[in-house]
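Visitor: Have a look at the structure that comes next, please.
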Amino acid sequence: MSRTAVTAAGRSEARGRSRRAAVVVGAIGLLSAAAVVLPNVATAGTTLGASAAESGRYFGTAVAANKLSDSTYVGILNREFDMVTAENEMKMDATEPNQNQFSFGNGDRIVNHARNQGKRVRGHALAWHSQQPGWMQNMSGTALRNAMLNHVTQVATYYKGKIYAWDVVNEAYADGSSGGRRDSNLQRTGNDWIEAAFRAARAADPNAKLCYNDYNTDNWSHAKTQGVYRMVQDFKSRGVPIDCVGFQAHFNSGNPVPSNYHTTLQNFADLGVDVQITELDIEGSGSTQAQQYQGVVQACLAVTRCTGITVWGIRDSDSWRSSGTPLLFDGSGNKKAAYTSVLNALNAGSTAPPSTTTTTTPPNTSDCRAGYVGLTYDDGPNGSTTTQLLNALRSAGLRATFFNQGNRVQQNPGLAKAQRDAGMWVGNHSWSHPHMTQLSQSQMASEISQTQQAIQSATGEAPKLFRPPYGETNSTLKSVEAQYGLTEVLWSVDSQDWNNASTAQIVQAASTLQNGGVILMHDGYQTTINAIPQIAANLASRGLCAGMISTSTGQAVAPNDNPPTTGPTTTTTTTSQQPGGSCTATYRTTQQWGDRFNGEVTVRAGASAITSWTATVTVTSPQKVSATWNGTPSWDSSGNVMTMKPNGNGNLAAGASTTFGFTVMTNGQWAAPTVSCRTP
């Protein structure tokens, strides 16, 4: 579809503890540091982007270059959204108006604005039957295939390192009941044209996620949805490089949000791809429109691999179907009821949480020719930012070292464990962040020993690294560190995030890292989190990898361990019932925060079909189940035993499975639930 309008995440500056005035000349050298006043870290959740980031997702919008001079438009863009998609400026006709003559001016305006504001960019779209330049419309056969592949290669190469995800192919499937491909000039070059486009895009930009994007694929029962599903299933089975599927999600009264929308997203995610809502708009107004928006957001939040939502425009007047008032802001830029429903749904994300295990991207260790650098984050764990930070690092395939304060570990033991479970290294940063050199030797020992104990209790492993607060050290402190077997770690590059550095400035600082170098960053700033994708791209472009900190030198070296298993705790109980068949219940922990975790139970039929099932979930007191999804629960009098039955029909074919999920408030108890299953 053309997204031309009828009429011509934001960055959450969680300014925290400004504490670094030190300049360090190498990983083992130090100049004096000055004390700085330490204000509190702000909590995200007042804008769409910040609220989505709380669950590791993004909330973006389509942007038109000619609107970037509109102050109201730009004000909303900068405040609310943390992902940007060019509405038309990166499509084929805009970027290659004449064959082999490329034009990136308007696309660059959008990309540069986004990056300067600390936002990421979705590229849209590399290959499409519509909005082709005139010269391409008149081509066919091998000439067209080669021209398409050249376009994909040239555009993806030009934007390499700047794009989070590309819609590689757009709208290639036919409407109606066939479930087949759309008849187009590109399709007539051969059925493998989509695969060829994806392979060309991967070769041009190995670090960008590659997506297939389409409309009217929201209803799981529709033939078009099934056709796209079969293609993705085939691609994954043959190793074709596809990372994500985009669901445009254009809804109205004649095409409302389907009741099985969550099923569609989950089924695609189960193929091993991310799912993204890419062009969301819902015609209507008032509470009806608000409820539809809320349903879409909740469906995404209920699927771990639903990584973000993009609305197709900012104000109703900016929409390609403006008469339907389909967006979150009215024509004057005022928040509508739909905005409030979306924000509330995002902030209540833990009540409709993801239901599958987060897949982490392994570090790119294939090209570490220039060596290793150390990414370090001080002052955590923080309830408002640690989860976002871990999700961003995992999405970028990076490992890092977290220097934690003992008092914060005591308050958030689950977050410290989550750091370790995510494959990060955890170091000691004192108990309360004092000026250590102003303390007595016994006070120094107390600060260090309490933190060692807190971290070991939370993670199961005592730290081997210590970073002195403010980078201040002396011989007495070094002797105390040695008593606890700790290696002192300073830094060679200061990101200045503590000093209100912008995302661009943090990225620039990281770009100066060399082999063995260590960069100082902090857990507590949205700008720091936003910098991670660009830091990852820059390191990869220079042949550098994120490494561990050596306990011998305090410098970055190649990891000598495998990342700890990030997979869930699993327990299985099988109960056979005759003649009703048997079922197996398998539990896993899918996400974890400082005070709660999400669990998923997979119920699978045995060797014969079953007509229904009942699962039992038992939590350990004082844990409490606070939310459930995909099932009908009931509890015993203690509140510790939950019985879950299917929503509606519980039929499962032999070997088939279904899942349900829930959130457990730990109240200090982190034991995994036990589960069992029975059949009628």
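Visitor: Can you find a residue that is surrounded by fewer than 19 Cβ atoms within 10 Å (Cβ to Cβ), within 16 Å of V240 (Cβ to Cβ) and in the same structural domain as E87 (by the TED database) anywhere in the range 161-179?
Guide: Restricting attention to the range 161-179, the residues satisfying the condition of being surrounded by fewer than 19 Cβ atoms within 10 Å (Cβ to Cβ) are 161, 174-179.
Among the residues that remain, those that are also within 16 Å of V240 (Cβ to Cβ) are: none.
No, that holds for no residue.
Visitor: Take the range 128-162 and flag every residue that is of a type in the set (G, A, S) and over 23 Å from A114 (Cα atoms). It would help to see each step written out before you state the result.
Guide: We begin by selecting, within the range 128-162, every residue of a type in the set (G, A, S); these are 130, 134, 140-141, 143, 147, 156, 161.
Correct list: S130, G134, S140, G141, A143, A147.
Visitor: In the range 240-255, is there at least one residue being polar (S, T, N, Q) and either touching a strand residue (DSSP E or B) at 6+ places or on another chain (Cβ under 6 Å) or on the phi > 0 side of the Ramachandran plot (or both)? Full working, then the answer.
Guide: Residues of the range 240-255 that are polar (S, T, N, Q), as a first pass: 248, 252-253, 255.
Filter once more, so that each one left must be either touching a strand residue (DSSP E or B) at 6+ places or on another chain (Cβ under 6 Å) or on the phi > 0 side of the Ramachandran plot (or both): 248.
There is at least one residue in the range 240-255 that is polar (S, T, N, Q) and either touching a strand residue (DSSP E or B) at 6+ places or on another chain (Cβ under 6 Å) or on the phi > 0 side of the Ramachandran plot (or both).
Visitor: Something else about it: Restricting to the range 307-340, what's the tally of residues that are of a type in the set (S, T, Y), within 16 Å of E80 (Cα to Cα) and touching a strand residue (DSSP E or B) at 6+ places or on another chain (Cβ under 6 Å)?
Guide: First, pick out the residues of the range 307-340 that are of a type in the set (S, T, Y): 307, 310, 317, 319, 322-323, 325, 332, 339-340.
Now narrow it down to the ones that are within 16 Å of E80 (Cα to Cα): 310, 332, 339-340.
Now restrict to residues that are touching a strand residue (DSSP E or B) at 6+ places or on another chain (Cβ under 6 Å): 310.
Of the residues in the range 307-340, 1 are of a type in the set (S, T, Y), within 16 Å of E80 (Cα to Cα) and touching a strand residue (DSSP E or B) at 6+ places or on another chain (Cβ under 6 Å).
Visitor: Tell me, which residue of the range 644-671 that is touching a Ser or Thr at 6+ places or on another chain (Cβ under 8 Å), among the small types (G, A, S) and outside any strand (DSSP E or B) is farthest from G581 (Cα to Cα)?
Guide: In this case the residue turns out to be A671.
Visitor: Report yes if some residue within the range 441-459 is in a loop (DSSP other than H, G, I, E, B) and either of a type outside the set (D, E, K, R) or touching a Cys at 6+ places or on another chain (Cβ under 9 Å) (or both); otherwise report no.
Guide: no
Visitor: Output yes when any residue across the range 121-142 is crowded, with 24+ Cβ neighbours inside 10 Å and outside any strand (DSSP E or B), and no when none is.
Guide: no
Visitor: While we're here: Where in the range 498-586 are there strands (runs of 3 or more DSSP E), lying fully within it, with 3 or more residues that are more than 27 Å from the chain's Cα centre (by Cα) and either modelled with pLDDT under 90 or not assigned by the TED database to the domain that holds R420 (or both)? Explain how you work it out, then say what you get.
Guide: On the way: elements: 518-522, 544-546, 571-577.
It comes to 571-577.
Visitor: Another question, if that's okay. Working only within the range 462-480, note down all residues that are buried (at least 17 other Cβ atoms within 10 Å of the Cβ), touching a helix residue (DSSP H, G or I) at 6+ places or on another chain (Cβ under 7 Å) and not β-branched (V, I, T).
Guide: Matches in the range 462-480: P463, F466, P468, P469, E472, L477.
The values are calculated or read from the model by the stated rules, or taken from the named source; none is laboratory data. Remember, predicted model here, so these are calculated numbers, not experimental data. Note that each Cβ is placed from the backbone with ideal geometry, even for glycine, and that neighbours are counted across all protein chains shown.
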